[in-house]
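K.L.:
One structure is given below, represented as structure tokens, and several questions about it will come after.
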Amino acid sequence: MNNNNDLIQALVGIAEGSALAESRHTRQAATDSTQGCYEVLFTTGTASFPLAERATVAAQVAEWHQVNTLAQHYQTLAAGAELTPSLQAALLFARHLTFEPVSVNPQHLQALQQAGWQTDALITLAQVIAFVSFQSRLIAGFTVLNTLTKTEAHQIKTLPAVTAGRWHLQARTAGNRRAPQAFTRKELGWEPWLPPKPFDAFTEAQQQVLIRFGHQHSDYFRLLGHDQPVLEQRTLIDKGIFYTSGGLSRAERELAATVVSKVNGCIYCASVHARKASQLSKQTEEIALLLQVQPGDELSAGQSDRWQAQIEAVAALSLTPPRLTQEHLLTLQQHSLSTLAITDLIQSAAFFAWANRLMLTLGEPFIPEQEVIEGVQKVMSA
């Protein structure tokens, strides 16, 4: 990619040849696809969701994250947008997704539909909000990393710990399935609140993309497939962040995903990534301890010093606005995290700000029927 065509590099002011620039070159697939997703969303619009309206929503989301350079960038693209009732509804939805995605329910989507949002445009709206949440955290994290200065260990300030967020406690889903009420490493199902696009409604070329990524049977991915170009770039970002060698261990990238999900209250995402973190790290008790943290309690309590440092950095970046500081990153360096490893940690955390915001606001998890049957059998045999 031409370095003049890298919005993140430009807004952070990353100098070519710097350690951060080199780490992003090492993760070129993620870097390129991050720019690619931006271009898919913000170089053209559609009749149902014009570019100026997309930019208006994006500017507001960036402003809420207090990432002023990004907000100003989108404000220049938003010229001429009229604050229509449908755009007002979109901004209200954006506020929920930005500050507390766990607060969204099917009625919020119905309100958007009543304001004129059809499913295709609504999915693009959710992607705009969630993508800018990702962008904002990349810029916030890389800005701190880009300006990091050496400090003696005794001069590093102790920072307030970040606590777990609230999560859903209802017994049944909107579709009347049994809902999980606590974090778990068990496999869960996920039911959409909007209709996924049927596989045979995709073009042959689009079907091949779904098959290539293993998305063809997933309600979640076929729902996101209402805007397939964004879904494709998002999938490439995911692979570029989580499935690359060197830098931060895969287990610790999965740990980061789990921590973000605890901050946001996303039981489904945590179930997938806590399971992976446990399998890869073999630290099952530590992951179980993290999952058991209650709302308002400290996320890093009882963990090793290295994991405490990572959990606290990831959790701080996951807040809105982000609260990551030099002290967080200096502590990571004390635990031998290189610039590349810290880049991996920032990108992993930022990506799950995106993932949680889609999972929590377009559907909800359920306990598969087999799990329910086994639970009843266990009670009856006790």
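The values are calculated or read from the model by the stated rules, or taken from the named source; none is laboratory data. Values in this document were obtained by computation on a predicted structure and should not be read as measured data. Cβ placement follows ideal geometry from the backbone for every residue including glycine, while neighbour counts extend to all protein chains displayed.
K.L.:
Among the listed residues F99, F49, F42, which satisfies the condition of being farther than 30 Å from A174 by Cβ and aromatic (F, W, Y)?
P.N.:
F42
K.L.:
Might you let me know whether the stretch 43-53 holds any residue that is of a type in the set (G, A, S), surrounded by 14 or more Cβ atoms within 10 Å (Cβ to Cβ) and touching a residue at least 60 places away in the same chain (Cβ under 8 Å)?
P.N.:
Yes, there is a match, as at least one residue in the stretch 43-53 is of a type in the set (G, A, S), surrounded by 14 or more Cβ atoms within 10 Å (Cβ to Cβ) and touching a residue at least 60 places away in the same chain (Cβ under 8 Å).
K.L.:
Checking the condition β-branched (V, I, T), within 26 Å of I241 (Cα to Cα) and touching a strand residue (DSSP E or B) at 6+ places or on another chain (Cβ under 9 Å), which residue from T163, T184 passes?
P.N.:
After ruling out the rest, the residue left standing is T163.
K.L.:
Given the residues A182, A171, A164, which is the only one that is modelled with pLDDT of 95 or more, touching a Leu at 6+ places or on another chain (Cβ under 7 Å) and farther than 19 Å from T331 by Cα?
P.N.:
A164
K.L.:
Within the stretch 225-282, can you find the residues that are under 27 Å from D120 (Cα atoms), of a type in the set (S, T, Y) and touching a residue at least 60 places away in the same chain (Cβ under 8 Å)?
P.N.:
Hits for the stretch 225-282 are S261, Y268.
K.L.:
Also, I was wondering about something else. Mind telling me which of the residues A205, A171 ends up being more than 23 Å from the chain's Cα centre (by Cα) and within 18 Å of I367 (Cβ to Cβ)?
P.N.:
The match here is A171.
K.L.:
In the list L112, L159, L145, which residue meets the criterion of being free of Cβ contacts under 8 Å to residues at least 60 places away in the same chain and of a type in the set (A, V, I, L, M, F, W, C)?
P.N.:
Only one candidate passes the filter, namely L112.
K.L.:
Answer with yes or no whether L236 is in contact with a Gly (Cβ under 6 Å, 6 or more places away or on another chain), over 24 Å from P322 (Cα atoms) and in a helix (DSSP H, G or I).
P.N.:
For L236, the condition - in contact with a Gly (Cβ under 6 Å, 6 or more places away or on another chain), over 24 Å from P322 (Cα atoms) and in a helix (DSSP H, G or I) - is not met.
K.L.:
I would also like to ask the following. I'd like the full set of residues that are modelled with pLDDT under 95 and either crowded, with 23+ Cβ neighbours inside 10 Å or not in a loop (DSSP other than H, G, I, E, B) (or both), limited to the stretch 135-161.
P.N.:
Hits for the stretch 135-161 are A153, H154, Q155.
K.L.:
Would a scan of the stretch 61-68 turn up a residue that is under 24 Å from D238 (Cα atoms) and more than 23 Å from the chain's Cα centre (by Cα)?
P.N.:
No, that holds for no residue.
K.L.:
Please indicate, with yes or no, whether at least one residue in the stretch 55-66 is at pLDDT 95 or above and surrounded by fewer than 16 Cβ atoms within 10 Å (Cβ to Cβ).
P.N.:
yes
K.L.:
Same structure again: Is it true that some residue in the stretch 88-111 is part of a loop (DSSP other than H, G, I, E, B) and buried (at least 19 other Cβ atoms within 10 Å of the Cβ)?
P.N.:
yes
K.L.:
Give the stretch 181-227 a look and list any residue that's under 28 Å from H168 (Cα atoms), assigned to a helix (DSSP H, G or I) and among the hydrophobic types (A, V, I, L, M, F, W, C), or say none.
P.N.:
Matches in the stretch 181-227: F221, L223, L224.
K.L.:
Consider the stretch 26-35. How many of its residues are surrounded by 20 or more Cβ atoms within 10 Å (Cβ to Cβ) and out of contact with any Ser or Thr (no Cβ under 8 Å at 6 or more places or on another chain)?
P.N.:
The number of residues fulfilling the criteria is 3.
K.L.:
Give the residues of the stretch 67-85 that are out of contact with any helix residue (DSSP H, G or I) (no Cβ under 6 Å at 6 or more places or on another chain) and surrounded by fewer than 18 Cβ atoms within 10 Å (Cβ to Cβ), sorted by residue number.
P.N.:
Passing the criteria: N68, Q72, T76, A79, E82, L83, T84, P85.
K.L.:
Find all pairs meeting these conditions: Cβ atoms under 8 angstrom apart; at least six residues apart or on different chains; first residue within the stretch 311-328 and surrounded by fewer than 20 Cβ atoms within 10 Å (Cβ to Cβ); second residue part of a helix (DSSP H, G or I) and among the aliphatic types (A, V, I, L, M).
P.N.:
As it stands, the answer is L319/V263; P321/A140; R323/A316; R323/L317; T325/V144; T325/A316; Q326/V144, since those pairs meet every condition given.
K.L.:
Quick test of your reading of the structure: E39 fulfils all but one of (1) within 20 Å of F351 (Cβ to Cβ); (2) of a type outside the set (K, R); (3) touching a residue at least 40 places away in the same chain (Cβ under 8 Å). Name the failing condition by number.
P.N.:
(3)
K.L.:
Could you tell me which residue of the stretch 276-319 is farthest from the chain's Cα centre (by Cα), considering only residues that are at negative phi and basic (K, R)?
P.N.:
Here the answer is R306.
K.L.:
Here is a follow-up. Taking S218, is it surrounded by fewer than 21 Cβ atoms within 10 Å (Cβ to Cβ), among the small types (G, A, S), farther than 22 Å from Q347 by Cα and over 17 Å from the mean Cα position of the chain (by Cα)?
P.N.:
yes
K.L.:
Turning to a different aspect of this structure: Looking at (1) in contact with an Asp or Glu (Cβ under 7 Å, 6 or more places away or on another chain); (2) within 26 Å of P295 (Cα to Cα), can you tell me which one D227 breaks?
P.N.:
(2)
K.L.:
Which residue out of A52, A21, A29 is within 15 Å of T343 (Cα to Cα), in a helix (DSSP H, G or I) and in contact with a Gly (Cβ under 8 Å, 6 or more places away or on another chain)?
P.N.:
On inspection, the qualifying residue turns out to be A29.
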